[in-house]
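Scroll down for the structure; my scribbles are underneath it.
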Amino acid sequence: MSESNRPPLPDGLVAVVKRDCPTCELVAPVLADLAQRGGIAVYTQDDPSFPEGVDAVDDTALAVSWHWGIEAVPTLLRVEDGVETERALGWHREEWETLTGVTGLGAGLPDWRPGCGSLSVDPDRTADLEVRYGGSKLHARRVELAELEDEFEAMFDRTWSDGLPLVPPTEKRVLAMLGGTKRSPEEIVATVPPDLVPCTVEKVAINAVMAGCKPEYLPVVIAAVEAACTDAFNMHGLLATTMPTGPVLIVNGPIRRAIGMNSAGNVFGQGNRANLTIGRALQLVVRNVGGGRPGEVDRATFGNPGKVAFCFGEDEEGSPWQPLSVDLGAKAGVNTVTLFPGEGPRSVVDQLSRDPESLARSFAVNLRTVHHPKLILAFDAILAVGPEHARIFREAGWSKAKLVERLQELLQIPGRELVRGAGGIAEGAPESAKDATLPKFRPGGLLVVHCGGGAGLFSSIIGGWVNQAIGSQPVLREIEA
Amino acid sequence: MSQTTTTNGRGAARVLMDPTSERSPSVRARVPRLDSLDGATIGLLDISKPRGDLFLDRLEQGFRARGADVKRYKKPTFTKPAPVDLRHQIAVECDAVVEALAD
């Protein structure tokens with residue numbers, strides 16, 4: 001709490017109360033008694049006529065309560081030379097008698113009653129109070145809008161938007177957003193490409209507000225920004241490429257449920273706030289902090305709708321397999337976000353396979369087409385297995401490793417099918433590959449997740465971008481509170 | 001609403017936190033120069049310094065003679081930037097603006 005501008009308290013006894021608190025009602029006669037005996041200053045948070053028999057001071061603006069760090073009511077203080085020397089929370093007869101030096105307080109009352117929450121720590125009010133009394137902790141430039149300027153149009157005019165309306169990032173909303181993390185607003189999260197700008201927690205929070213995030217999503221957004229801005233993920237290249245790819249966020253761990261992410265029906269679609277706004281917040285950070293905009297450094301020929309937001313949770317609970325995060329080295333049960341450089345998802349329909357071999361073959365022929373059936377090794381892919389397909393593997397006892405191993409076998413392709421000119425198609429591998437047998441995917445280049453709705457014998461493939469050191473590698477990051 | 005100091009003189013302003021790297025001004029980009037004055041609306045901004053109005057009167061005659069419409073505006077004081085509302089009004093009502101110096 002702030003020391004400057006703190007309203008002074010009178011020396012002697014001070015109490016802070018509110019009418020909407022049964023314990024305060026209970027001790028009202030005690031406060032009246034103390035007032036008669038020689039004085040107590042009583043500050044009321046909600047109703048200046050409370051308590052009866054006391055000339056209470058109006059603290060409905062909560063200035064005293066906020067500045068003096070009142071967390072519960074009633075709070076009884078002793079003040080000497082303007083400094084608090086003792087404090088008692090709630091009603092505890094012995095404690096009050098010691099603090100006041102008066103014996104026989106509250107005859108007939110129970111010995112002890114806990115207090116109620118102070119209005120100054122009411123979650124609905126703290127951001128307002130922080131703005132009003134806290135002095136600003138925030139460092140971002142303030143942008144003042146004209147009286148007649150529409151705030152939504154103003155944000156479009158300033159090129160902050162990805163094309164959809166934004167939530168206006170007022171100081172109050174940004175402070176509330178920052179409540180979602182324990183990290184300091186000034187802390188640098190990452191250096192964001194393409195302009196290589198150091199990005200603070202505060203800037204991430206501003207963009208998260210604009211994206212429509214709730215404060216509890218912020219740790220996921222921060223982790224995603226950290227992951228995106230690693231050398232391994234290479235956000236710069238992914239942004240600048242002409243290919244239709246962008247960051248795809250896969251969230252694992254209990255936080256998916258805690259913040260209400262979707263991993264079930266319509267998992268890649270619309271309708272879930274956490275999925276959509278977390279993915280969008282990362283893209284807004286790249287746009288606004290990094291300066292990465294379409295037509296400028298973003299040179300995508302087509303792009304894809306997922307470049308607005310592409311984020312989902314894995315259905316861990318319904319999965320026959322360990323989650324993606326564990327495949328990538330995280331401990332089970334740890335909250336993580338994995339970034340994959342992906343294009344839009346495509347569907348795999350197989351409604352007839354009832355044995356895992358047949359279904360694996362269906363997956364393989366579809367996976368072969370990622371970017372081009374004759375292009376190999378350069379692109380990774382995510383295979384998102386839907387619950388009805390996953391059941392077939394579960395019932396047959398196929399582990400995820402076994403599925404991936406079988407897919408890699410099925411995707412060993414004779415070079416004669418791949419070389420330039422084969423099939424009458426100029427695109428393809430160099431002639432020197434003619435006699436070789438080559439895999440579609442590099443070892444580790446095929447990631448498998450479990451998600452989607454419970455009805456439909458479908459899976460989905462998300463093709464990647466140029467992989468390994470010259471492109472992007474999937475990057476997992478633990479989510480810190 | 002925040003209690004941030006405002007320049008519009010009407011108390012609580014709508015103030016947003018800049019989401020960008022702050023490497024460029026937060027104001028909107030300038031419109032291109034006009035190719036022709038014919039039919040254009042030209043704002044003349046008096047900065048409230050003595051005799052600025054005389055200069056602007058002559059400019060107004062010249063603009064009108066070349067087929068332009070003219071609107072006149074005045075800053076409250078030459079010592080401070082134009083209030084955000086005045087800037088917005090000029091941007092909405094005019095195709096170009098001339099800000100007059102004086103003395």
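Points to keep in mind about this one:
- Dipole magnitude for region A:64-106: about 140 debye, using +1 per Lys or Arg Cβ and -1 per Asp or Glu Cβ, origin at the Cα centre.
- Where no second cysteine Cβ lies under 4.7 Å, the cysteines concerned in the protein assembly as shown: A:C199, A:C213, A:C229, A:C311, A:C451, B:C94
- Look at the dipole of region A:338-481 built from charges on Cβ: of A:N366, A:C451, A:Q468, the Cα furthest out on the positive end belongs to A:N366.
- In this structure, the amide hydrogen of A:L438, modeled 1.01 Å from its nitrogen in the peptide plane, lies closer than 5 angstrom to those of A:I413, A:G415, counting only residues at least 5 positions away or on a different chain.
- Heavy-atom accessible surface of region A:220-263: percent carbon and sulfur, 1.4 Å: 54
- To put it simply, the accessible area of region A:284-402 at a 1.4 Å probe is 54 percent carbon and sulfur.
- Length-normalised contact order for region A:63-179 - Cα pairs under 8 Å, 6+ apart - percent: 22
- Percent RCO, i.e. relative contact order, over region A:233-368, from Cα pairs under 8 Å lying at least 6 residues apart: 39
- Accessible surface of region B:23-103, 1.4 Å probe, proportion on carbon and sulfur as whole %: 52
- Loop-located GluC sites (Glu not before Pro) in region A:192-257 whose Cβ has at most 11 other Cβ within 10 Å (DSSP): none
- Spatial offset of region B:20-85 relative to region A:408-457 amounts to 64 Å, using the alpha carbon center of each.
- Total charge dipole magnitude, region A:128-275, about the Cα centre, Cβ charges on Lys, Arg, Asp, Glu only, Debye to nearest 20: 660
- Accessible area per residue, Å², the protein assembly as shown with all protein chains present, probe 1.4 Å: 46
- When you restrict to C-alpha pairs under 8 Å that are six or more residues apart and normalise by the size of chain A, the relative contact order lands at 13 percent.
- Partners for A:K137 among aspartates and glutamates (Cα-Cα distance below 15 Å; same-chain residues under 8 apart left out): A:E3, A:D128, A:E171, A:E186, A:E187, A:E202, B:D18
- Whole-angstrom gap from region A:114-130 to region A:287-349, using each part's C-alpha centre: 38
- Straight-line cross-link partners of A:K402 among the lysines, defined as a Cα under 20 Å from its Cα and at least 8 positions apart when in the same chain: A:K440.
- Rolling a 1.4 Å probe over the protein chains gives B:D85 an accessible area of about 30 Å².
- Of the residues A:V131, A:W112, A:V102, the one whose Cα sits farthest towards the positive end of the charge dipole of region A:102-153 is A:V102 (charges of +1 on Lys and Arg Cβ, -1 on Asp and Glu Cβ, taken about the Cα centre).
- Gyration tensor (alpha-carbon) shape descriptor, the protein assembly as shown, a/c threshold 1.5: oblate
- Of A:A381, B:A29, A:V189, farthest towards positive along the dipole that unit charges on Lys, Arg, Asp, Glu beta carbons give the protein assembly as shown: A:A381
- For the pair A and B, the buried accessible area comes to roughly 2800 Å² in total, with a 1.4 Å probe and the value rounded to the nearest 100.
- Residues along region A:181-224 losing 10 Å² or more of accessible surface when the other protein chains are present rather than the chain by itself (probe 1.4 Å): A:D195, A:V197, A:K203, A:I206
- Computed from point charges on the beta carbon alone (+1 for Lys and Arg, -1 for Asp and Glu), the dipole magnitude for region A:198-324 about its Cα centre is near 400 Debye.
The values are calculated or read from the model by the stated rules, or taken from the named source; none is laboratory data. These numbers come from a predicted model, not from an experiment. Neighbour counts run over all protein chains shown; Cβ positions are idealised from the backbone, glycine included. Areas reflect the complete protein model, heavy atoms only, side chains present, ligands, DNA and RNA absent. Shrake-Rupley method; radii C 1.70, N 1.55, O 1.52, S 1.80 Å.
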